[in-house]
Amino acid sequence: KQEVTQIPAALSVPEGENLVLNCSFTDSAIYNLQWFRQDPGKGLTSLLLIQSSQREQTSGRLNASLDKSSGRSTLYIAASQPGDSATYLCAVRKQGAQKLVFGQGTRLTINP
Amino acid sequence: GAGVSQSPRYKVAKRGQDVALRCDPISGHVSLFWYQQALGQGPEFLTYFQNEAQLDKSGLPSDRFFAERPEGSVSTLKIQRTQQEDSAVYLCASSLGWLAASFLYNEQFFGPGTRLTVL
């Protein structure tokens, strides 16, 4: 059974810092990995999707990497801003399956 | 708008009542998913449709949960005889399809969710 773990559960940093969020998964036979952002009381916003054949994806100040063999992904946020405060979730899609398996999320707070 | 929409956004039910939650996927999206998110947790898969066919319902927690998508577009998640442990946010997601040949078909887009509170 695929298990996804996100560390840390919560993170608070001052504005302007670069930061890394971690995601690990137990079964390396994945099809893709997706990073989401969730604001309080809202749905999920897709940030980046990495296919299993890819090593990283970039969008603006966000960079996500994938090391399938070690079962790890990182989300790098450059020059953090207060508007980046949210819960960040990673989710993996196993090969041959359609559903996403989510981690519990990292609650990020950027202090002005 | 062009995104996934869900209704109602909030639902309060008394224990034992039946509820129906609606999801309107992005137009043209073949795949539709339902997830359940308990407070402070990540979403957990409930069920998956490809067009009108329910291909995976392994995540439905009990036979009180029932989902349908009769015309391959709008979907309804029904919960019968609600219990307090059913209180959660129910998220709907859609994607273009399942074709592995193109990365375009993979990404799941989520709606705002329905927050269900069972008293």
Among the residues of the range B:35-44 satisfying the criterion of being surrounded by 20 or more Cβ atoms within 10 Å (Cβ to Cβ) and at the interface with chain A (Cβ under 10 Å from one of its Cβ atoms), which is farthest from residue B:78 (Cα to Cα)? B:42
Please indicate, with yes or no, whether at least one residue in the range B:84-99 is touching a Cys at 6+ places or on another chain (Cβ under 7 Å) and either away from every other protein chain (no Cβ under 14 Å) or of a type outside the set (Gly, Ala, Ser) (or both). yes
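So, in the range A:24-53, exactly how many residues are touching a helix residue (DSSP H, G or I) at 6+ places or on another chain (Cβ under 9 Å) and modelled with pLDDT under 95?
To start, the set of residues in the range A:24-53 that are touching a helix residue (DSSP H, G or I) at 6+ places or on another chain (Cβ under 9 Å) comprises A:32, A:37, A:49, A:51.
Adding the requirement that they be modelled with pLDDT under 95 leaves A:32, A:49, A:51.
Matching residues across the range A:24-53 total 3.
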The range A:4-60 - residue that is in contact with a Gly (Cβ under 9 Å, 6 or more places away or on another chain), within 11 Å of chain B (Cβ to nearest Cβ) and not in a strand (DSSP E or B) and, of those, surrounded by the fewest Cβ atoms within 10 Å (Cβ to Cβ): A:41
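Could you check, for the range B:51-58, whether at least one of its residues is within 14 Å of chain A (Cβ to nearest Cβ) and touching a residue at least 60 places away in the same chain (Cβ under 8 Å)? Even if it seems obvious, please write down each step before you answer.
Taking the range B:51-58 first, the residues within 14 Å of chain A (Cβ to nearest Cβ) are B:51, B:53-58.
Now restrict to residues that are touching a residue at least 60 places away in the same chain (Cβ under 8 Å): none.
No - not one qualifying residue is present in the range B:51-58.
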Going by what's in this entry, would residue A:98 be described as without any contact (Cβ under 8 Å) to a residue 60 or more places away in the chain, under 30 Å from residue B:55 (Cα atoms), within 11 Å of another protein chain (Cβ to nearest Cβ) and of a type outside the set (A, V, I, L, M)? yes
Identify, from the list A:43, A:71, A:105, A:60, the residue that is without any contact (Cβ under 8 Å) to a residue 40 or more places away in the chain and in contact with a strand residue (DSSP E or B) (Cβ under 8 Å, 6 or more places away or on another chain). A:43
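If the requirement is being more than 11 Å from every other protein chain (Cβ to nearest Cβ), within 28 Å of residue A:90 (Cβ to Cβ) and surrounded by fewer than 15 Cβ atoms within 10 Å (Cβ to Cβ), which of these qualifies: B:16, B:28? Can you show your working first?
Numbers: B:16 fails: within 28 Å of residue A:90 (Cβ to Cβ).
Going through B:16, B:28 in turn, just one is more than 11 Å from every other protein chain (Cβ to nearest Cβ), within 28 Å of residue A:90 (Cβ to Cβ) and surrounded by fewer than 15 Cβ atoms within 10 Å (Cβ to Cβ): B:28.
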Tally the residues that are among the hydrophobic types (A, V, I, L, M, F, W, C), more than 9 Å from chain B (Cβ to nearest Cβ) and within 17 Å of residue A:48 (Cα to Cα), restricting the search to the range A:68-89. 4
Within the range A:62-82, is there a residue that is out of contact with any Gly (no Cβ under 9 Å at 6 or more places or on another chain), of a type outside the set (Ser, Thr, Tyr) and within 28 Å of residue B:114 (Cβ to Cβ)? yes
Residue match in the range A:65-82 (condition: surrounded by fewer than 17 Cβ atoms within 10 Å (Cβ to Cβ), of a type in the set (Phe, Trp, Tyr) and more than 30 Å from residue B:23 (Cβ to Cβ)): yes
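This table checks each residue for (1) over 12 Å from the mean Cα position of the chain (by Cα); (2) within 20 Å of residue B:108 (Cα to Cα); (3) of a type in the set (Ser, Thr, Tyr).
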| site | (1), (2), (3) |
| --- | --- |
| A:10 | yes, no, no |
| A:13 | yes, no, no |
| A:17 | yes, no, no |
| A:21 | no, no, no |
| A:41 | yes, yes, no |
| A:45 | no, yes, yes |
| A:48 | no, yes, no |
| A:58 | yes, yes, yes |
Number of the condition not met by residue B:47 [criteria: (1) out of contact with any Asp or Glu (no Cβ under 7 Å at 6 or more places or on another chain); (2) polar (S, T, N, Q); (3) buried (at least 16 other Cβ atoms within 10 Å of the Cβ)]: (1)
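The values are calculated or read from the model by the stated rules, or taken from the named source; none is laboratory data. These numbers were taken from a predicted model, which means no experiment stands behind them. Cβ atoms come from the backbone with ideal geometry, glycine included; neighbour counts cover every protein chain shown.
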